1. Taking the simple approach of a point 7 Å from Cα along Cα-to-Cβ for both D32 and E15, what is their distance in nm?
2. May I ask you to evaluate 6.51 cos²θ - 1.76 cosθ + 1.60, the Karplus curve with θ = phi - 60°, for each residue of region 134-140 and list the ³J(HN,Hα) values in order in whole Hz, giving x for glycine and proline?
3. How much FRET efficiency would the formula 1/(1 + (r/R0)^6) give for S142 and K3, where r is the Cβ-Cβ distance and R0 is 30 Å, rounded to 0.05?
4. Given charges of +1 on the Cβ of Lys and Arg and -1 on the Cβ of Asp and Glu, with all other atoms neutral, how large is the dipole of region 15-141 about its Cα centre, in debye to the nearest 20?
5. Could you work out the relative contact order of region 15-141, using alpha carbon pairs under 8 angstrom and six or more residues apart, expressed as a whole percent?
6. How tilted is helix 101-122 with respect to the longest principal axis of the chain? Cα atoms for both, answer in degrees (0 to 90, nearest 10).
7. Assuming 0.36 nm per residue, please report the length gained on full extension of the stretch W118 to D100 beyond their Cα-Cα distance.
8. Counting only helical runs of four or more DSSP H residues, what would the 222 nm mean residue ellipticity of the chain come to if each run contributes -39,500 (n - 2.57) and the total is spread over all its residues?
Amino acid sequence: MGKDWNSSFELGNKEIDEQHKSLVDEVERLSDRIEKGDIDKTQILQSLNFLVNYAVEHFRSEELISKQYNYPNRNYHNSVHDEFKKKVGEVAEQYTNLNDEKKSLELAKDICHFLSQWLQNHIKGDDFLLFQFIKSVQNKKS
Ligand SMILES: [Fe+2]
Ligand SMILES: [Fe+2]
């Protein structure tokens, strides 16, 4: 278990919690390797690619659940996911095209910082609200 992950991120859905944990852990692993200088540009790009694909898959799971439960803030929540995908696509492209080694390293650090902050804020904010709604629906049913 990584140091950034703790039980305050758990929202009560096993599949989603596991996906969140994998995402947070992967960002943490990437940032540790960048800090240690133990990674090259190709590997950073591979890791970013993995993260983007995994995030897209994760958003799909979340959007499916929110559809099933007819979550009232569904459109807003989905649009936040879309914005994130767009933003990450842009920074990944910027990173790919940057040839200055020192600037690349700085940008990689910035990207990690952004990913880590975004994920943690999103899980504790918009995702938390979604799963709170789902819990309230489930409680009414039982
Ligand atoms: Fe999420
Ligand atoms: Fe989300």
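1. Modelled inter-label distance: 2.9 nm.
2. Per-residue couplings from phi come out as 4, 4, 5, 5, 4, 5, 5 Hz.
3. On the way: r = 36 Å, r/R0 = 1.20.
The value I calculate is 0.25.
4. Working: 18 positive and 23 negative charges, 111 e Å.
My answer is approximately 540 debye.
5. On the way: 55 pairs, mean separation 49.7, N = 127.
After rounding, I find 39 percent.
6. With rounding to tens, the tilt is 10 degrees.
7. Values: separation 18, 0.36 × 18 = 6.48 nm, distance 2.62 nm.
Stretched out fully, the W118 to D100 stretch lengthens by 3.9 nm.
8. Helices in the chain give a 222 nm mean residue ellipticity of -27500 deg cm²/dmol.
A short reminder: the numbers here are calculations on the coordinates, not readings from a lab. Just so it is clear, the model here is predicted, and its values are computed rather than measured. Because the Cβ atoms are built from the backbone with ideal geometry, glycine has one as well, and the counts that use them run over all protein chains shown.
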